[in-house]
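Just below is one structure, and these are the notes that go with it.
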Amino acid sequence: MSQHIVLLAGDGIGPEIVAEAEKVLTQVNEQFSLGLSWNHELLGGAAIDAHGVPLPDVTLDAARKADAILLGAVGGPKWDAIERSIRPERGLLKIRAELNLFANLRPALLYPQLAAASSLKPEIVSGLDLLIVRELTGGIYFGQPRGIRILENGERQGFNTDIYSESEIRRIAHVAFQLAQKRNKRVLSVDKANVLEVTELWKQVVTEVSAEYPDVALSHMYVDNAAMQLVRAPKQFDVIVTGNLFGDILSDQAAMLTGSIGMLPSASLDQQKKGMYEPCHGSAPDIAGQGIANPLATILSVAMMLRYSLNAPLAAEAIEAAVGRVLDQGLRTADIFSEGTTRVGTKAMGDAVVAALAG
Ligand code: IPM
Ligand code: MG
């Protein structure tokens with residue numbers, strides 16, 4: 001049966017990078033006779049402009065029916081002033097929640113060719129290969145009550161609720177342990193159990209689940225220490241599992257260790273491994289429309305999509321190998337450029353990956 005993908009280019013650099021990912025998709029679809037089909041829908045600011053809401057019903061319906069979703073990025077200053085409940089980011093959070101995409105996989109893998117682009121010394125980062133498993137549909141991002149209220153004395157007060165039920169913790173812990181079994185068999189659970197009850201429960205439940213995975217070593221770290229260890233000795237990590245907010249922060253930090261956040265793909269999966277795939281970086285409005293954005297994170301997101309949701313591991317490997325070859329050729333977008341390499345734009349980078357695939 002043929003499989004269908006929904007492409008959500010989104011805002012800022014989203015359309016530029018998704019266009020390059022689409023070229024790569026076209027190439028592997030033919031080369032590996034995958035029989036994939038796809039179409040575009042709107043999400044984020046682009047959807048607000050067209051329909052007045054960041055996640056229109058037609059987009060949500062198409063995403064529900066699709067076998068996988070590829071997303072560029074959402075948001076930008078143009079929509080920052082509008083009412084909070086219909087801002088672009090709300091569209092992203094809503095699609096995650098509606099499709100139950102609770103497991104967010106954010107690998108941080110350093111390509112040897114880019115060791116010099118990292119802000120850390122090469123000996124600290126070379127060989128880095130860690131995976132952050134971030135819970136994506138719970139915690140303080142979605143907890144109720146939330147809001148900004150006016151107190152009796154007239155002062156404004158903002159509040160959110162960090163809340164996790166046992167079942168939410170259990171299912172993300174299983175994902176982390178199962179991924180660790182296919183890697184280096186180590187899971188680090190990140191919490192703030194010395195202060196927050198919600199993460200005290202997190203730590204207990206992850207420990208309970210670990211009993212079912214005797215081949216995987218579990219350890220725990222407070223989030224402040226984890227943030228420090230990530231820049232001190234990042235190679236100590238294999239799989240890091242954590243809640244929504246800590247995962248948001250630590251995954252940007254881990255991404256930067258690899259030289260550029262422009263290199264990192266991500267997957268957000270439901271229980272059936274249906275998923276939405278997106279680069280870890282945002283919509284980068286400051287460079288949108290200039291043709292200089294790095295499309296590799298989105299192209300590598302296509303590889304993850306082929307592997308996790310579309311059962312096409314060979315095509316996934318071919319894309320990853322093609323990206324390696326393009327880096328070997330010395331091609332670099334501005335974000336990963338260094339002395340002695342060749343600076344190219346978004347389109348030239350996408351074309352080079354297609355050529356490496358075909359060649
Ligand atoms: C991410 C982003 C989103 C998040 C924003 C855009 C809502 O930072 O995917 O990490 O906080 O989850
Ligand atoms: Mg983030």
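What follows is calculated from the coordinates using simple rules that are stated; it is not laboratory data. Note that the coordinates shown come from a computational prediction; the quantities given were computed from them, not determined experimentally. All Cβ positions, even for glycine, are placed from backbone atoms using ideal geometry, and neighbour counts span all protein chains on display.
Check Val241: other-chain or 5+ apart residues with amide H under 5 Å from its amide H, H built from backbone geometry? Under 5 Å from the amide H of Val241: Val133, Leu188, Ser189, Val190. Residues of the range 181-221 falling in the label zone of Asp129, defined by backbone nitrogen less than 12 Å from a point 7 Å along Cα to beta-carbon, are 182-185. Approximating the spin labels as points 7 Å out from Cα along Cα→Cβ, the Asp215-to-Asp270 distance works out to 2.9 nm. Loop-located trypsin sites (Lys or Arg not before Pro) in the range 238-322 (DSSP state not H, G, I, E or B) with no more than 16 neighbouring Cβ atoms inside 10 Å: Lys273. For the range 114-197, a crude dipole built from +1 on the beta carbon of Lys and Arg and -1 on the beta carbon of Asp and Glu, taken about the Cα centre, is about 380 debye to the nearest 20. Each Lys and Arg Cβ is given +1 and each Asp and Glu Cβ -1; about its Cα centre, the range 229-314 then shows a dipole of about 280 debye.
Between Glu30 and Glu83, the simple label model (points 7 Å from Cα in the Cβ direction) yields a spacing of 4.8 nm.
Segment Arg183..Ser2, full-extension length gain: 62.1 nm, with 0.36 nm per residue of separation and the alpha-carbon distance subtracted.
Once the Cβ-Cβ distance of Glu166 and Asn194 is raised to the sixth power relative to R0 = 25 Å, the FRET efficiency obtained is 0.75. The label point for Ala348 and the one for Arg146, both projected 7 Å from the Cα toward the Cβ, are 4.3 nm apart. Note: relative contact order over the chain, using C-alpha pairs below 8 Å and six or more positions apart, is 22 percent. The count of lysine pairs in the chain that are at least 8 places apart or cross chains, and whose C-alpha atoms lie under 26 Å apart, stands at 24. Anisotropy class assigned to the range 264-355 is oblate, per the alpha carbon gyration tensor with a/c at or over the 1.5 cut-off and a/b no larger than b/c.
Simple point charges give the picture: +1 on the Cβ of Lys and Arg, -1 on the Cβ of Asp and Glu, and for the chain a dipole about the Cα centre of about 340 debye.
The protection proxy used here, the mean number of other Cβ atoms lying within 10 Å of each residue, ranks peptides 227-235, 88-96 as follows, highest first: 88-96, 227-235. I'd like to know which of Ile82, Val125, Ala21 lies farthest towards the positive end of the charge dipole of the range 1-134, counting +1 on Cβ of Lys and Arg and -1 on Cβ of Asp and Glu. Of the listed residues, the answer is Val125.
Extension gain for Asn153-Asp286 works out to 43.8 nm (0.36 nm per residue, less the C-alpha to C-alpha distance). Specify the inter-centroid distance of the range 250-270 and the range 339-359, based on alpha-carbon positions, in whole Å. The range 250-270 and the range 339-359 have Cα centres separated by 21 Å.
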